[in-house]
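First up is the structure itself, then whatever we jot down about it.
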Amino acid sequence: MGYTVRAERRLGGLAIAFCVTFLGLAGWRAAEAQLRPGARFEEKGQCLECHAEVARAVREPHAPVGKGDCAACHKPHGLVGALRLQAEEPALCLECHSGQAAELAASHQHPEAGKCSACHDPHGSDHPAMLVEPERELCLSCHEDSGFTRPVVHAPAAEDCSSCHLPHGGPNPRLLELEQEALCATCHDAGPGADFATAHGGYAAAGSDCSSCHVPHSGSTEALLRASVHPEMTCDTCHDPSAPAAALGPELCLDCHELPLEPAGGSLHYPAAEGACLDCHDPHATDHQPLLLAAERELCTECHDDVAAALDLPSVHPVAGECSSCHAGHAASHPLLLAAEGRELCVECHEDPETSGAAVVHPPAAGDCLDCHGPHGTPIRGLLVASQEDLCGECHPGVGNRSGLPVVHAPVAAGECSACHLPHSGGALLLQAEGAELCGECHESTLLAVAESDRHLPFADGDCATCHAAHASELENLMAASVGSVCSECHDVETTAPAGGSAHRPVVEGDCTACHQPHGSAIAGFLQASPRPLCTSCHSEVETRLATLDAHPPAVDDDGCLTCHGAHASPHANLLAQKVDALCTDCHDGESEEFRSLHLGLPATAIDCGGCHDPHASEGSGMLLPRLHFPFAERECSLCHEDTGGTAP
């Protein structure tokens, strides 16, 4: 064992040595292919012989590229398909552009400020500062352009964003070069005596918040005023001339606007009741009508946090974020500041079930919509306040899963009542459609399977409910009753054996579908298959004999079983259609001389055919039974029987 281990170690060492040598040679070959004699990274153009696209002619080339100094930024050896940088961004860039370090450390920074190559081409471009696109286009690739497309565009915004904004970072919000008022004043002289003051009622606008009235990029008017502007008046209507920057207070709104009062039975908005107009409105101009401080959803949900939570749910009322669609701003004659009484408000947008002309109106739909729906948002589709199963089950407690029945219709089991029913108004039973049109939405394959066949009358009429329960059943396939009971409603079939007769077992058991297709079939009688294969699917021993022995001609035919047998019940044994002698003589002449000569001179009516003959198949001629009495087998009837002269012995 020791020898074997040492031998294995020696062989392993040799293998490793071979691999190292081979890989060393391979590596040398690769290096030889990549490198050339002489200085490798000193001569200008060495890298560019392979990376010619880097040295393309541009207006603003990166200085190291212009010098051919690729190693200023790149390590000479890297990964396949990528050259490693000497350092990561922005540290690498700041080694040369140290002046930008302060901007990158400012309190307000551009989100991409640390990713220099997001905006700058590291090798060079045709745009100032090596930008990857023209400045304005580059900025709008991230920032929405809707604020720049109104009819009147602010002159600096029509040029370059850097007219007002710092590209990397700065001390002011929104990366403004200066504080807002100071920045505006670089173009607009707001000092005393300036023409600029004329547009502001003679007041010097210095120190004011310009954006409280004006939009910075584009607007609908020459003055770039915001969308909603306080009606034109002199400034001293609201401002004290001795202190232009100070207003007299929100109570002065009531000099023009009446203080809303709570109507009897109505409601009053709390800020309006307190005269706190500026809680919701701006006194000068805003982007939101009517002078609202913010969009309705944002403004209202500052106080109504329950509504804010509802608006984040999966099912949201389409106008829930437009609060004034349903609510008054100050006072209303209805509770909750509603613009109209509950249901009347809803039917202003939604069709009124009571006036729809439908044959049936769901009672809850004629009442308060909020019995079933949330006004703002809910977790459930359709703004429902509970699942369909729970909601509908409040009035329909014995349906579907609540019935306790073992077989439940799939949509009902899933709690999807609206898969079949309309919620507000419609036709009979509020069904989405009638019969097969409705059922076919899920059971299309059943319809197609018999589309070219004779169809069972209820199925052809689309009357699925004749046989099936709609919601739940004790029986498979949602049968409305047992198969036998359902079929017997239309088919008067004997289901018990008459005295001395016989009945087919599936008929006795009420299992009609053992032999019949319930919806349709290409075979007469809606049979599952032709009579012979159908019958022998149970009577397999008969099929075996028919296939291997001499077969009785009727029995071997596809519909041969029904030549001799009834399908449901018979007054004779074995479901025979007639007495044996009568049945046999339908094909065999039981009165002929030939027949009598073979049967002791007796006619067929005087003998029992089944006593000697097999009705289905036999090994020999004459369809004789397999076990024969010796004299009979030799046709020596006279050994036991006397010639009776044609009368029964």
Inset, instruction - Give the long-range amide H neighbours of His572: residues separated by 5 or more places, or on another chain, with amide H under 5 Å away, using H modelled in the peptide plane at 1.01 Å from N. - result: Ser502
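Using a Förster radius of 51 Å, what is the FRET efficiency between Gln432 and Ala524 based on their Cβ-Cβ separation? Nearest 0.05, please.
With a Förster radius of 51 Å, E is 0.90.
Keeping every protein chain present and rolling a 1.4 Å probe, give me the accessible area per residue for region 106-163 in Å². List each step's numbers first, then the result.
Numbers: 3460 Å² over 58 residues.
So region 106-163 comes to 60 Å² accessible per residue, rounded to a whole number.
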Legend entry - Compactness relative to 2.2 N^0.38 Å, alpha carbon Rg of region 574-616: 1.11
Inset, instruction - Give me the distance in nm between label points sitting 7 Å out from Cα along the Cα-to-Cβ direction at His97 and His613, one decimal. - result: 11.0 nm
Legend entry - Under the Karplus curve 6.51 cos²θ - 1.76 cosθ + 1.60, θ = phi - 60°, whole-Hz ³J(HN,Hα) for region 257-269, x wherever Gly or Pro sits: 9, 6, 6, x, 10, 6, x, 4, x, x, 8, 9, 6
Inset, instruction - Before rounding to the nearest 500, sum -39500 (n - 2.57) across all DSSP H runs of length at least 4 in the chain and divide by the residue total; then give [θ] at 222 nm in deg cm²/dmol. - result: -5500 deg cm²/dmol
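Could you tell me the convex hull volume per residue, in Å³, taken over the Cα atoms of region 316-400?
On the way: hull volume 9.2 nm³, N = 85.
Here the figure is 108 Å³ per residue.
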Inset, instruction - Take the alpha-carbon centre of region 121-175, take the same for region 569-583, and report the distance between them in whole Å. - result: 101 Å
Inset, instruction - Taking every pair of alpha-carbon atoms in region 466-577, give the share separated by more than 22 Å as a whole percent. - result: 41 percent
Legend entry - Solvent-accessible area per residue for region 592-636 (1.4 angstrom probe, square angstrom): 66 Å²
Legend entry - Share of Cα-Cα pairs in region 435-479 lying beyond 14 Å, as whole percent: 52 percent
Inset, instruction - Using only the alpha carbon atoms of region 533-649, find the Kirkwood hydrodynamic radius as the inverse mean reciprocal pair distance, in angstroms to one decimal. - result: 15.6 Å
Legend entry - Label-to-label distance, nm, for residues given as Glu232 and Leu639 (7 Å Cα→Cβ offset): 13.8 nm
Inset, instruction - Give the distance, in whole Å, between the Cα centre of region 301-334 and the Cα centre of region 412-430. - result: 29 Å
Inset, instruction - Report, by chain and number, residues whose modeled amide H sits under 5 Å from the one on Ser218, excluding near sequence neighbours (fewer than 5 apart, same chain). - result: His154
Legend entry - For region 472-524: rounded, prolate or oblate by the Cα gyration tensor [a/c cutoff 1.5]: oblate
Legend entry - Charge dipole of region 564-618 about the Cα centre (unit charges at C-beta), most positive-ward option of Ala604, Cys587, His568: His568
Inset, instruction - With just the Cα atoms of region 399-525, tell me how far they stretch along each of the three principal axes, in Å, largest first. - result: 60, 37, 22
Inset, instruction - Treating the angle as unsigned and between 0 and 90°, give the value, to the nearest 10°, between the Cα long axis of helix 2-34 and the longest Cα principal axis of the chain. - result: 50 degrees
Inset, instruction - Evaluate Rg over Rh across region 130-238, taking Cα atoms for both radii and Kirkwood's formula for Rh. - result: 1.00
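Taking every eigenvalue of the Cα gyration tensor of region 334-448, multiplying by 5 and rooting it, what semi-axes result, largest first, whole Å?
Those come to 29, 18, 12 Å.
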Legend entry - Student exercise, the chain dipole from Lys, Arg, Asp, Glu Cβ charges, in Debye to nearest 20: 3500 debye
Inset, instruction - Could you tell me which of rounded, prolate or oblate describes the chain, using a ≥ b ≥ c as the square roots of the eigenvalues of the alpha-carbon gyration tensor, with rounded for a/c under 1.5 and, failing that, prolate when a/b is larger than b/c and oblate otherwise? - result: oblate
Legend entry - Amide N of region 583-616 lying under 12 Å from the label point, which is placed 7 angstrom from the Cα of Leu625 along Cα→Cβ: 608-615
Inset, instruction - Mind giving me the FRET efficiency for Ser418 and His108? R0 is 60 Å, r the Cβ-Cβ distance, nearest 0.05 is fine. - result: 0.70
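Could I get the Rg over Rh figure for region 280-342? Both from C-alpha atoms, Rh via Kirkwood, rounded to two places. Walk me through the numbers before you get to the answer.
Working: Rg = 12.4 Å, Rh = 12.6 Å.
Taking Rh as the inverse mean 1/r over Cα pairs, Rg/Rh reads 0.98.
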Legend entry - Listed residues Gly201, Pro64, Pro423: farthest to the positive end of the dipole of the chain (Cβ charges): Pro64
Inset, instruction - Return the long-range amide H neighbours of Gly377 (sequence gap of 5 or more, or a different chain), with a cut-off of under 5 Å between placed amide H atoms. - result: His317
Inset, instruction - Assuming a ≥ b ≥ c are the square roots of the Cα gyration tensor eigenvalues, decide whether region 83-137 counts as rounded (a/c under 1.5), prolate (otherwise, with a/b larger than b/c) or oblate. - result: oblate
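Tell me which GluC sites (Glu not before Pro) from region 575-631 have a DSSP coil assignment and no more than 15 other beta carbons within 10 Å of their own. Present the calculation step by step, with values, prior to reporting the outcome.
Values: sites: Glu591, Glu593, Glu594, Glu619; in loops: Glu591, Glu619.
Sparse-neighbourhood loop GluC sites (Glu not before Pro): Glu591, Glu619.
Would you mind giving the average projected area, over all directions, of the Cα convex hull of region 403-462 in nm² with one decimal?
Details: hull surface 21.1 nm².
Mean shadow area of the hull around the Cα atoms is 5.3 nm².
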Legend entry - Extreme residue, positive dipole direction of the chain, given options Phe630, Cys213, Val407 (C-beta unit charges): Phe630
Legend entry - Phi-based couplings in Hz for region 284-301 (Karplus 6.51, -1.76, 1.60; Gly and Pro marked x): 10, 7, 9, 8, 10, 6, x, 6, 6, 5, 7, 4, 3, 4, 5, 5, 5, 6
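The values are calculated or read from the model by the stated rules, or taken from the named source; none is laboratory data. Not measured: the values here are computed from a predicted model. All Cβ positions, glycine included, derive from the backbone under ideal geometry; neighbour counts span all protein chains shown. Accessible surface is based on the protein model in full, side chains and every heavy atom, while ligands, DNA and RNA are left aside. Shrake-Rupley method; radii C 1.70, N 1.55, O 1.52, S 1.80 Å.
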